[in-house]
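Engineer: Pasting a structure below so you can have a look.
None of the figures in this text is laboratory data; all of them are computed from the coordinates on show. The structure displayed is predicted, hence computed values, not measured ones. Here the Cβ positions follow ideal geometry from the backbone for every residue, glycine too, while neighbour counts run over all protein chains shown.
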Amino acid sequence: MEKSMKVRVDREACIGAGQCALVAGSIFDQDDEGLVILLVETPGEDSHAMARKAATLCPAKAISIEE
Amino acid sequence: MAPARGPGVIIAGGSLAGFTTAQSLRSSGYTGRIQIFSGEDCLPYNRPPLSKQILLGTWSSEKTLIATQELIDKLEVEYHSGQNVDSLSIETQEITAGGNQFEFEKLVIATGVRARQLSHTATSKRTFTFRTLADALAIKGLIDEIKTVGVIGSGVLGCEIASAVSTLGKKVTIVDQIPLPNLPMTGGHVSSKIHELFIANQVDMRMNTQIESISEGENSVSIELKDGAAFEVDILIITIGSVANTEWLHSSGIDISNGVLCDAKGEAAENIFAVGDVARWWSNSAGAALKRENQSSAIEQGLAVGHFIATGEESAISLPFFWSEIFGAKITLTGTLEPELPFEVLHGSIDEDTFVGATFRGDQMTGVIGWNMSKEFRQERKKMEERANG
């Protein structure tokens, strides 16, 4: 069975560093202010590692992941 | 998968860099034992909000946590909170903590730094340093009963604290021996801009002077300056830099002259690594070992060392990223603005409070800063990073 993952972003905590869009551009984007936009809330299993990496790299700790 | 037995990895320090190392070990496939020893008596938390949202009261302290007990258990990490590591023996590959010996296969030093104290006074009821969540909450707890705040030091922490408490309506006085405030890696290029921002917000700037004496009363602190001026505040916050927590390594033989000296992959000695604020990593591009006390470096070093221990593969470390918010001005910086190089405005204008600027060595951008200008900052940063990587 495929493992499920739920990604949440906190735009209030986001400081627009853009690390997420850099390492996981298929899941995260940035608006004009640089704030995070979540493109995919439940990424497929082949994207789990990069979603985790984006969460770890986020300096504002604005990405949380539920597995 | 049941973790393999054996001593495994010990991480001394349970803050951002230490915890990130543990996460990275697991995500890179490490199945051995991981133990974290943290001197603080709480779960790992994030420091940047302390001088911003926590002081302002817009976030609860729970929102600063970077790990729940559930996550720690899921990662199969043994997290010993409230336990400092007391010493290291390289010969026997052991550390001592709380009077007990713990053997390791790999040790990751992530003990961080602590706030530097003024020689004049120890922190007490009305005088604070600022490093931990407990420090921030202690000041926050007094905030409704105070009207005036003194801040000694005008680095990033002093600037952010002064901005936060001033926003809350407190009368703030900043004292520093340097002529203008200075943010890390900015090479002084935005210092006069920050100084103007404080003046415009009625902060009393006592620059270019030193402390003669500090005397603490029951409900206030009196400060006398070397230039003869004197003033009184309800509380005094001291932000004059940091001291690496390396005392426990004194007899280990590791170079701790200014933090723990490491090679470009974070190795300080065989089987021993250091990450985060306590570490001074060799930088091939700078040709020197640099102590980078910032959030993005702590994260990247933790990721790199965890991955290296688990797989033997080295990771590239990106240029440091730094951000701050002072009186609503959103400041972002990648790389380093060099003090001796001219500052070039690439977009917007300094007078209009919206700009992107950089310093160049030859045609190579050394660092780029954005001031209330996110989109253009990201465009320039991308160009710089592409060049640095290509």
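Engineer: Helix B:295-311: angle to the longest alpha-carbon principal axis of chain B, degrees 0 to 90, nearest 10?
Structural biologist: Once rounded, one gets 10 degrees.
Engineer: A further question follows. Taking amide hydrogens as modeled 1.01 Å from N in the peptide plane, which residues meet the under 5 Å criterion relative to B:Ile237, leaving out close sequence neighbours?
Structural biologist: Under 5 Å from the amide H of B:Ile237: B:Phe128, B:Gly150, B:Val151, B:Ile152.
Engineer: Rounded to whole Hz and in sequence order, give me ³J(HN,Hα) for the stretch B:219-226 from the Karplus expression 6.51 cos²θ - 1.76 cosθ + 1.60, θ = phi - 60°, writing x for Gly and Pro.
Structural biologist: For the stretch B:219-226, the Karplus curve yields 10, 7, 10, 9, 10, 10, 9, 5 Hz.
Engineer: What does the structure give for A:10-23 when I average, per residue, the other chain Cβ atoms found within 10 Å of the residue Cβ? Spell out each step's value before the answer.
Structural biologist: Working: counts 1, 0, 4, 7, 0, 10, 8, 9, 8, 5, 0, 1, 3, 0.
Mean partner shielding for this stretch: 4.
Engineer: Give me a comma-separated list of calculated 3J(HN,Hα) values for the stretch B:361-373, in order, Karplus coefficients 6.51, -1.76, 1.60 applied at θ = phi - 60°, integers in Hz, x for any Gly or Pro.
Structural biologist: 10, x, 9, 9, 5, 8, x, 9, 10, x, 10, 6, 8
Engineer: Do the alpha carbons of any pairs in B:Lys265/B:Lys375; B:Lys52/B:Lys330; B:Lys125/B:Lys170 sit beyond 21 Å of each other, and which pairs?
Structural biologist: Details: B:Lys265/B:Lys375 32 Å; B:Lys52/B:Lys330 12 Å; B:Lys125/B:Lys170 18 Å.
Listed pairs above 21 Å: B:Lys265/B:Lys375.
Engineer: A follow-up question, please. For the protein assembly as shown, what is the percent of antiparallel DSSP beta bridges, rounded to the nearest 5? Don't skip to the end; give the middle numbers.
Structural biologist: Details: 57 of 92 bridges.
Within the protein assembly as shown, antiparallel bridges account for around 60 percent of the total.
Engineer: Give, in nm to one decimal, the length gained when the segment between B:Glu270 and B:Asp144 is fully stretched (0.36 nm per residue of separation minus the Cα-Cα distance). Display every interim value, and only then the final one.
Structural biologist: Working: separation 126, 0.36 × 126 = 45.36 nm, distance 5.17 nm.
Here the segment from B:Glu270 to B:Asp144 would lengthen by 40.2 nm.
Engineer: Sticking with this structure for a sec: Over the alpha-carbon set of the protein assembly as shown, work out the extent along each principal axis and list the three values in angstrom, largest first.
Structural biologist: Result for the protein assembly as shown: principal-axis Cα extents of 66, 52, 42 Å.
Engineer: If you stretched the chain out fully between B:Glu103 and B:Gln69, how much longer would it get, using 0.36 nm times the residue separation minus the C-alpha to C-alpha distance? Each step should come with its number before you reach the end.
Structural biologist: Details: separation 34, 0.36 × 34 = 12.24 nm, distance 2.43 nm.
So the chain would gain 9.8 nm between B:Glu103 and B:Gln69.
Engineer: Out of residues 5 or more away from B:Ala97 or on other chains, whose amide H comes under 5 Å of its own, with H placed 1.01 Å from N in the peptide plane?
Structural biologist: Excluding prolines and chain starts, which carry no amide H, the hits are B:Asp86, B:Phe102.
Engineer: How far is helix A:48-57 tilted off the main Cα axis of chain A, in degrees rounded to 10, range 0 to 90?
Structural biologist: For helix A:48-57, the angle is close to 30 degrees.
Engineer: While we're on this one: Hey, can you grab everything whose amide H is under 5 Å from the amide H of B:Leu183? Only 5+ residues off in sequence or another chain; H modelled, so Pro and N-termini drop out.
Structural biologist: HN-HN under 5 Å from B:Leu183: B:Gly188.
Engineer: Looking at chain B, what % of its DSSP beta bridges pair antiparallel, to the nearest 5? Can you show the working numbers first?
Structural biologist: Numbers: 50 of 85 bridges.
Restricted to chain B, the bridges split so that about 60 percent are antiparallel.
Engineer: Then there is this: I need the calculated FRET efficiency for the pair B:Ala200 and B:Leu168, taking r as the beta carbon distance and R₀ as 25 Å, to the nearest 0.05. Write out the running numbers ahead of the final one.
Structural biologist: Details: r = 17 Å, r/R0 = 0.69.
Result of the calculation: an efficiency of 0.90.
Engineer: Let me ask something else about it. Taking a temperature of 37 °C and a viscosity of 0.692 mPa s, what whole-number D in µm²/s does Stokes-Einstein yield for chain A with Rh from Kirkwood over alpha carbon pairs?
Structural biologist: Details: Rh = 11.6 Å.
Estimated via Stokes-Einstein, D reaches 284 µm²/s.
Engineer: Assign one of three labels to chain B, namely rounded, prolate or oblate, based on the Cα gyration tensor with a ≥ b ≥ c the square roots of its eigenvalues; rounded applies when a/c is under 1.5, prolate when it is not and a/b is larger than b/c, and oblate otherwise.
Structural biologist: Numbers: a/c = 1.91, a/b = 1.31, b/c = 1.46.
It comes out oblate by the Cα gyration axes.
Engineer: Oh, and also: Suppose R0 equals 45 Å. What FRET efficiency, 1/(1 + (r/R0)^6) with r the Cβ-Cβ distance, do B:Lys382 and B:Asn219 give to the nearest 0.05? Mind dumping the intermediate values first?
Structural biologist: Values: r = 52 Å, r/R0 = 1.16.
Rounded to the nearest 0.05, the efficiency is 0.30.
Engineer: For helix B:133-142, report the angle its Cα long axis makes with the longest principal axis of the Cα atoms of chain B; keep it between 0 and 90° and round to the nearest 10°.
Structural biologist: That works out to roughly 30 degrees.
Engineer: Before anything else, pin down the relative contact order of the stretch B:328-389: Cα pairs under 8 Å, at least 6 apart, normalised by residue count, whole percent. It would help to have the intermediate numbers written out before the result.
Structural biologist: Values: 105 pairs, mean separation 21.0, N = 62.
Dividing the mean separation by the residue count of the stretch B:328-389 yields 34 percent.
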